[in-house]
1. Roughly speaking, what is the centre-to-centre gap between the stretch 90-169 and the stretch 6-22 when only Cα atoms are used, to the nearest Å?
2. Convert each backbone phi in the stretch 240-246 into a coupling constant with the Karplus relation 6.51 cos²θ - 1.76 cosθ + 1.60 (shift: θ = phi - 60°), then list the ³J(HN,Hα) values in order as whole Hz, x for Gly and Pro.
3. Please count, across the stretch 150-259, the pairs of lysine residues with Cα atoms under 22 Å apart that sit 8 or more places apart or on different chains.
4. So for the stretch 1-146, if I pair up every lysine 8 or more residues apart or on another chain, how many of those pairs have alpha-carbons under 27 Å apart?
5. Give, to the nearest whole percent, the P(r) tail of the stretch 218-273 beyond 18 angstrom, counting all Cα pairs.
6. Calculated FRET efficiency, HIS100 and LYS235, Cβ-Cβ r, R0 41 Å, to nearest 0.05?
7. If I stretch the segment between ILE93 and VAL67 completely, what's the gain in nm (0.36 nm per residue apart, minus their alpha carbon distance), one decimal?
8. Hey, can you rank 242-251, 262-271 by average C-beta count inside 10 Å, highest first?
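Quick note: the coordinates plus some simple rules give every number you see, no bench work behind them. The model shown is predicted, which means the values in this text are computed figures rather than measured ones. Here the Cβ positions follow ideal geometry from the backbone for every residue, glycine too, while neighbour counts run over all protein chains shown.
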Amino acid sequence: MKSIAGKTVLLTGASGGIGTFITRALVIEKATVVAVSRSQRKLNDICTEVTALGGKAIGIPFDISQVAELPNLIQQINQVVGQIDILINNAAIEKYRPFHLYTLQDIQSTLTTNLVASMELTRLVLPSMLAHNSGHIVNIASGSGKKGMPYNSIYSASKAGLIMWTDALRQELADTNIGVSVVCPGYTAAGMFSALGVPAPSLARVAPPEEVAIAVLNAIKKNQAEVLLDGLIAKLLFSNFQLFPQFGDFLYKLLGMTKLNKISAEQQMRSSD
Ligand SMILES: NC(=O)c1ccc[n+]([C@@H]2O[C@H](COP(=O)([O-])OP(=O)(O)OC[C@H]3O[C@@H](n4cnc5c(N)ncnc54)[C@H](OP(=O)(O)O)[C@@H]3O)[C@@H](O)[C@H]2O)c1
């Protein structure tokens, strides 16, 4: 899809850290954004900002983890703005814990919000995209889906699932005009990483959220399969970790990532006491 102008984009998590930057970038491209997240107040804030910029955004409060209700969301959107041209599965949650201290509810809510809802939304919008032979789906995964993140293992599993499912779907749709991309941010200076309140490991790069938003636009316009925000070095490291997982473990420990994640888990456990 060479141009995003005039397209209708369903963006989940539009009111969150990175989501607000993706919304602004889409509006600058003259897309209509259907912004979905749970908080009406945060949706109002971003929609008011977009309107002030002269753009179009419609906020629909919806809990995407209620996956059986997602057909109602799509029906509501179709009635208000018509067909969805682009779907960006961005909403996600994470929770840090040693694995044995997670509850079954933690496992279910993380996998449902981060992975199952993305699949279900895609399943629901694809028939219309196929009928028009046009569309694009972007899944926002993470570097945590390329190499397991200790103490954030369910999130890691959800993002790895997202990456592999995108890879399969892209091949299925290769003979159509429907693009499928996965964008994998690393540490980003907005959203869930900033909310943790821990520093990034000393050698890690923390990307500005605008960079993630631009990467999403480029993924759509250039129909890119997989985008790693940290570039060639990340690509080389992650491909190496596939062959030598314990080299990756060693590096994560050396860079202090394992320790920082353990600290995040301890902090979150203390604040939930
Ligand atoms: N920030 C980073 O450093 C980083 C790094 C790598 C990957 N990522 C990925 O980037 C994406 C955006 O992350 P972020 O950092 O911007 O996260 P964030 O600040 O926590 O925002 C998450 C967004 O998702 C929405 N959301 C969460 N659960 C939802 C649900 N059940 N139904 C509907 N909306 C829901 C939230 O709004 P409500 O709470 O109002 O529902 C919020 O708008 C995620 O996929 C994340 O995994 C982020």
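1. Each part's Cα centre sits 17 Å from the other's.
2. Values per residue, Gly and Pro as x: 5, 5, 4, 7, 10, x, 6 Hz.
3. Value for the stretch 150-259: 6.
4. Counting lysine pairs in the stretch 1-146 gives 10.
5. 57 percent
6. Taking R0 as 41 Å, the efficiency between HIS100 and LYS235 is 0.80.
7. Fully extending the segment from ILE93 to VAL67 adds 7.8 nm.
8. Result, highest mean Cβ count within 10 Å first: 262-271, 242-251.
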